[in-house]
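Following: one structure in structure tokens, then a few remarks.
Read-outs throughout are calculated quantities, based only on the coordinates presented, and are distinct from any laboratory measurement. This structure is a prediction, so every number in the text was calculated from the model and none was measured. Glycine also receives a Cβ, built like all others from the backbone with ideal geometry; neighbour counts cover every protein chain displayed.
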Amino acid sequence: MSNPLILTLSALNKRFGKRQVLQEIELVLRPGECNLLSGGNGAGKTTLLRILSGLEKPDSSRIDMGNGFQSWRRSRADLQKNVLYLHQQPYMFDGSVRYNLGYALPGGLPKQLRNNMIDSAIDWAELNHLHDTPAKSLSGGERQRVSLARAWLRNPQILLMDEPTANLDQEARRRTLDLLRSFKKEGISLLLASHDPIHFSSLIDRHLHLYDSHLVEIEDQKLMQIPQLQSHVSLRSTA
Amino acid sequence: MGTLSDTTLAALNLLLSGNAELWEIIAISFRVSGVAILIASPPALLVAFLLTYKRFPGRRLLISINSTFLSIPAVVIGLTFFILLSRQGPLGEWRLLFTQTAMVLGQIALAFPILVAMGHSALQAADRRAWETARTLGANLMRAVFTIMREARFGLMAAFLAAFGRIIAEVGASMMLGGNILHYTRNIPTAIALESSKGEFAQGIALGLVLLTLAFTLNALLQHIQGKGQPVS
């Protein structure tokens, strides 16, 4: 039995000036499913993630998040509530790691509960030795873990990540993938944009590829290892 | 008139002896300029925020107009408000001319474009991902705005101090709108102008020293704040 849908995106179009970046994009995201989104530089991966997180307005689109299809503008509040977007280089607010984690929690929580939740996130992301460190001084891998811990506290239905393992060493990449795996286990839908599909082979359920402003699904998982063949016949349009 | 050193010593004596009239003038200066900066800051920062984060028709024109207001002499601001507030003017019924309120209005008009321009620069320099991260982490509009202000606080504090330094030292608007009335609207710059014209240089220099000390304190504070705002290496 297939998982219930969280988000269905239909007829998404986005143009920057004269350049059509995304055309008639169709996409379905399901709980606990990990989708990999690949594509060349400027293919529109980041734009698609930003539209899905409510940060970028498309030219046209229809989105269903369980209440029937609506325009992006009408869905925006739902997107901002349920979808979390993590930048390629996560932004850390000025303050300690604890402050940054606390930011993801809603205001008005009792102090004790708040501290307990932050402590749990610190344990979850193995940040124990860093909790009082200024977040801006962290390395790339540590920032990535703090941003994932913030996401864990925020508990979104959908997590969008832009190049989650870019510029990370092997150990940092392994830790990031472990954390992504635990998100998946918790039923959160993942959409990961990456140039390096091969790093995610053990994690992904579907491989989507942006090619010539269209979104296609790569059915043959072996093609993940051969990006130059991604315009091959085994691509299937998601539309 | 004695030598410069005699006059300066007399000025220091006036300051340190707690001359009531002198300290009253200083208090009026700080009160008027403090109120003006407190009133001007919230709307100016909001405008700076909108200019940074919203795209709307006429935005660039607004930025240019604001930059133009930066170079308007204080006396022209004073003259404009004088015309507005004088008996025959459109706001004459408010009977504000030659009051501290009129001085506050003039100083707000002087501080506003400085706060907008420097606030806009500070917010533009802030990382745009800060806004997006705040929003995607569930911050509502108000919380996200305060987060950005917090992230850009060093630049915004610089704007605040620069504007305060400008208005507490201006003479044109205060003279025209306040009228330099002793115990009521006489502030540091108007008192310096008056005392100098009378040949009473000691009080003028004493007040000048206060302004100089204030300028030094603001600059030292600014340096300290900007030093704190350096990115962590």
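One table, with the values for the structure above:
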quantity	calculated
Qualifying positions in the stretch B:152-162 - within 14 Å of chain A (Cβ to nearest Cβ) and among the hydrophobic types (A, V, I, L, M, F, W, C)	B:ALA152, B:PHE154, B:LEU156, B:MET157
Cross-chain or 6+ apart pairs with Cβ under 8 Å, the stretch A:117-143 first and among the aromatic types (Phe, Trp, Tyr), then not in a loop (DSSP other than H, G, I, E, B)	A:TRP124/A:ALA149; A:TRP124/A:TRP152; A:TRP124/A:LEU179; A:TRP124/A:SER182
Residue within the stretch B:29-39 that is farther than 30 Å from B:ALA202 by Cα and crowded, with 19+ Cβ neighbours inside 10 Å present	no
Matching helices (runs of 4 or more DSSP H) fully within the stretch B:1-90 where at least 2 residues are within 15 Å of the chain's Cα centre (by Cα)	B:20-53, B:59-70, B:74-85
Residue in the stretch B:215-227 that is over 22 Å from the mean Cα position of the chain (by Cα) and part of a helix (DSSP H, G or I) present	yes
Options A:GLN144, A:GLN89, A:GLN112: the member that is polar (S, T, N, Q), closer than 17 Å to B:GLU151 by Cβ and out of contact with any His (no Cβ under 8 Å at 6 or more places or on another chain)	A:GLN89
The stretch B:157-182 residues that are free of Cβ contacts under 8 Å to residues at least 40 places away in the same chain, paired with ones that are of a type in the set (S, T, N, Q) and crowded, with 21+ Cβ neighbours inside 10 Å (beta carbon under 6 Å, 6 or more apart)	B:ASN180/B:THR190
All strands (runs of 3 or more DSSP E) inside the stretch A:45-157 with 1 or more residues being more than 14 Å from every other protein chain (Cβ to nearest Cβ)	A:60-64, A:69-71
Any hit, the stretch B:182-190, residues being within 14 Å of chain A (Cβ to nearest Cβ) and either assigned to a loop (DSSP other than H, G, I, E, B) or within 17 Å of the chain's Cα centre (by Cα) (or both)	no
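Results for (1) within 14 Å of chain A (Cβ to nearest Cβ); (2) not β-branched (Val, Ile, Thr), shown as yes or no for each residue.
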residue	(1), (2)
B:ARG95	no, yes
B:THR101	no, no
B:ALA109	no, yes
B:ALA130	yes, yes
B:ARG135	yes, yes
B:ARG150	yes, yes
B:PHE164	no, yes
B:VAL171	no, no
B:SER174	no, yes
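Rundown of residues vs (1) under 30 Å from A:MET92 (Cα atoms); (2) without any contact (Cβ under 8 Å) to a residue 12 or more places away in the chain, yes/no style:
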| site | (1), (2) |
| --- | --- |
| B:ILE83 | no, yes |
| B:ALA102 | no, no |
| B:ILE114 | yes, no |
| B:HIS120 | yes, no |
| B:ARG128 | yes, yes |
| B:TRP131 | yes, no |
